[in-house]
Every structure is written in C-alpha cells, then in structure tokens.
1. Once the Cβ-Cβ distance between Glu119 and Val395 is put in as r, and R0 is 45 Å, what FRET efficiency do you end up with, to the nearest 0.05?
2. Order these by the 10 Å Cβ neighbour count, fewest first: Met91, Met429, Met42.
3. Express the Stokes-Einstein translational diffusion coefficient of segment 338-472 in µm² s⁻¹, to the nearest whole number, given a Kirkwood radius over alpha-carbon pairs, 25 °C and a viscosity of 0.890 mPa s.
4. What area, in nm² and to one decimal, does the C-alpha convex hull of the chain cast on average over all directions?
5. Can you give me the C-alpha center-to-center distance between segment 96-117 and segment 336-380, rounded to a whole angstrom?
6. Using the Cα atoms of segment 1-115 to build a convex hull, what is its mean projected area in square nanometres?
7. Counting DSSP beta bridges in the chain, what percent are antiparallel, to the nearest 5?
8. Ranked by Cβ crowding within 10 angstrom, fewest neighbours first, how are Ser207, Ser254 ordered?
Amino acid sequence: MSEKQASFYASVERNFDKAAALTDHPKGLLEQIKVCNAIYQMNFPVKIGNSYQVIEAFRVQHSHHRLPTKGGIRFSHLVNKEEVMALASLMTYKCALVDVPFGGAKGGVSVSPRKYTEEQLEKITRRYTVELVRKGFIGPGIDVPAPDYGTGSREMAWILDTYQQLKNGELDSAACVTGKPVNQNGIRGRTEATGRGVFYGLKEMLSNEADCKAWGLKPGIEGKTMVIQGLGNVGSYTGTISIDEGDVKVIAVSEIEGTIVDENGIDIHKLIKYRKDKKSILGFPGTKTLPKRDNWVGIKCDILVPAALESQIHKGNAKKVKAKIIAEAANGPVTAEAEEILLKKGVVVVPDMYLNAGGVTVSYFEWLKNLSHVRYGRIEKRFDERAYTNLVGLVEKMTGKVVSNKEKEFLTRGADEVDLVRSGLEETMITAYNQIREVYRRKRKAKDLRTAAFINAINKVASDYMTLGIFP
Ligand code: NAD
C-alpha cells in the first residue's frame, strides 16, 4: 500500500476528530460513530484464460446505526483495506447529511478493469457477489451496493442476476443493488446523478450573495471557469451539465493520458465522443497539451473539480492551486494536510461528503422504487396532465385569450420519472447545503465547510444512537 492511500483513512479520521472536538457528545459515542462496524476481507479464485488468479476483495460496513448499509463497489488495482474503510466511513456521514436513511458501506475489488475482458470481469463480479451472499453482506435490508470508480450499471446487472439466482422468489430482491440499467429495475437519472448533484451543489453555494462576498467570489455559477480531473462517470456529467444548464466554461480536462486546455472552452460532449473513438483526450481540436499530466492542479480557474481518485491534492502540490473553489466530486481528493494550506490561501473547499452525495440520493430513490414495485410518475402523470389542461382551459375561457399549443404543452405536462428524480435530487442538495451553511454560520469555530458538514453529520448519527437507546 502506498503512503498516499494510507493517509486517506488517516485524513478522514483527522477531519472527523477536528469536528468531533467541536461537539458535546460523549467520548464513547464519538468513538462508536467513528469506527468501522464490520469488515469482510476475502480472497477467491477466478479462472482467467488457462490459469487461476486469486482475487483480493473487501466489503466494509462502517455503521449499522441505520440499515441497510449502502455504498459503491470500486474496481481498481489500488484497492486496499484502509481505502475501503475510508470510503465506507464517508458514506455514513454522506447519508446522514442528505437524510438518506442508510448506514455507510463500501466494497472494493483489487483488479484493474482495463486488464480483463468483459467476460472475465463478469466472472469476477459474479464470484464477488456469491461471497457477499454467503456471508450475509448483501440484501435489500442488509447492505446495498452501487457503482463507484471502475464499475457501472453493467456490473450492477451482474450482481442483481447472481443475487436473484441464489435468492429465488425473494419479493424485494431487485433492491439488493442500485445503479442498475433502467431495463433491469434501475431508475432514470441514476447514471448522471452524482455529476448532476455536483452541479446543483455548486449552483446553490454560489447563489448566496453574502457568502460569495465573504469568499471574494462573484455570485452565480454562470460564466465561471472550470477544470476537471477525470472524465469518467462523475467528471463527464459534472462537465456536460455545468455547461448545458449553468453556462460554465470548462477550460481544461485531465485524464490518465494527459491534460488538455482551451481557454475558449472545451465542448465536453464532443470530447467524450472523441475519447471513445481515439482512446485518448490528447489532440482534441482546439486544445493544447500541457507538459505534465499533473499540471491541471495549478491552472487558474474559478472551480477546480477533482473527479478521479483520493489524495490528488496533497501537501506537495496544494501551494500550486490557483482556483478559488475546489469542488470535491471525487471522494477524498484533498488530503487533510493540503486542506490546511488551501484554507490559509483562502480557497473554498466544498467537501465530498456533501458535493458527491447525488449518487447515493438517487440510489435511495431507486431502492424505494424497487420496494414499491412501481415506476415514479406512473400513477399520477395522466391525472396531473388532465387537471392542468382543465385549468388552462378555464383561464382561456375567463380571459377570452387562447394559449398557444407550445405554451399549452409546457404548462400541462405531467412529471415523468426522470423529472421527479431530478426534482428530488435538487431539493436534497439545496436542503443539505443550507443545513451545512447554518452550522458554518452559527458555529464560529467551524471555519470551513468540511468541518461544518462533519458536525452536521455527527449530530445526526449521534441523535440516531440516542434514540435507539444505545447511548442514553
Ligand atoms: P470512473 O471510473 O467512471 O472515472 C474515473 C476517471 O478518472 C477515469 O476515466 C480514469 O481514467 C480517470 N483517472 C484516474 N486516475 C487519474 C489521474 N491520475 N489523472 C486523471 N484522470 C484519472 O469513476 P467515477 O464513478 O466517476 O468515480 C470518480 C470518483 O467519484 C471516485 O472518487 C468515486 O469514489 C467518486 N464517486 C463516484 C460516484 C458514482 O456514482 N460513480 C458517487 C460518489 C462519488
């Protein structure tokens, strides 16, 4: 394990301790909130070509104060126990912050997906699922995985199918995993959810004029410049949605193969297609390539979005940051040491546990959909449309004016599943931001958004433990 990864868990613990010291909860309760409740480390064989490979994997359930536990599954050769523990801990605080009633969990499989064929990845995913079922580490009311770095809806479909083969007839089995393809009991709007949540979060924080003034920022997301590291699920949707709906200009993108810049703005939709065809972002028309991949950290911009992996902004490069805001789309991209440097420089760090909570929020909606066995909007859409049509008709009758067909279509449309998902996500991100802001504003000691977010999350988890009567 590299020092970087070891320090990720240490960073989460350090941030927790910093916030916990500003609360009045008993020491034992804080300790119980902080520790990981259950860790399952496994090694299993998978036949790859003509030989067998032993695969190391983990599932960590950080907190059982609410069940099921919830958190993504990461496929990466860098996966190790401490990393999964750190990610599982963050899930608990994230769920508490956005009022998603789950405990935190995370899974990790130590493989590099690029090195395996689709068939081999399917074997690995299915075998991992069998291990989880055997040990009671998966189930709609136990522990519900989702996608993370290196996994997506394809892997979630394999997990669902394996689970259902083993649990034949279990009525709510579709709720054993989220982030599934829409035609496999998934939900519309889940794939884009984390990136969309990042956009809603930034939009909300930049809408408060007084806060922006205090931070030395111009209010409003419109026209802000953005740099993105990692053009995977989270990074690509953060980019496209920020451009399409927030009029943001993405001036640089960093990927494994290097970093490209174009001060006039990069069309992320086209870049995604370009990378799919060329297997690289380098050479994208109108851009120039920076000498070193890591140069993305020092680009002057309004919003720097690390959307790849943890510990990307560390003690060694934090001084180079020229951005006004660091938007933590990834989990743990800024180490605790780096954050101290950044705060002194006046950089606003929007913490991961809030900003990337869109994924788990929509996963929660998917889980509810699976338990209710009905698509959102199916019951009320036509009823609403008829009611709105009657209303428009009444207005026309009373005013003697005719509403154009285009306006009528807009005014009378009933909500589809994706409309309701986006609405629920936006509401969640706005409410959670204002709860953090309230703590940040009132608790003079919480000098940064991360500490305020932690205090908020700790208070909510502590309150659950008190209500359960475990710490009367
Ligand atoms: P992903 O695998 O879809 O994409 C990650 C991208 O980062 C890949 O394209 C990869 O090539 C790139 N990358 C890796 N190392 C890099 C480097 N050194 N420089 C530049 N690019 C690099 O993963 P994802 O699902 O988008 O997850 C990204 C981050 O967001 C992770 O920290 C994850 O935990 C977090 N996150 C994901 C979700 C989700 O719903 N997928 C939800 C919350 C948080």
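1. Details: r = 60 Å, r/R0 = 1.32.
About 0.15, to the nearest 0.05.
2. Values: Met91 30, Met429 26, Met42 17.
Ordered by Cβ neighbours within 10 Å, fewest first: Met42, Met429, Met91.
3. 129
4. Over all viewing directions, the chain projects a mean Cα-hull area of 25.7 nm².
5. 14
6. 8.3
7. On the way: 23 of 48 bridges.
Bridges in the chain are about 50 percent antiparallel.
8. Values: Ser207 14, Ser254 28.
Fewest-to-most Cβ neighbours within 10 Å comes out as Ser207, Ser254.
Just so you know, all these numbers are worked out from the coordinates, no wet-lab data involved. This one's a predicted model, so the numbers in the text were calculated from it and none came from an experiment. Here the Cβ is made from the backbone with ideal geometry for all residues, glycine too, and neighbour counts use every protein chain on show.
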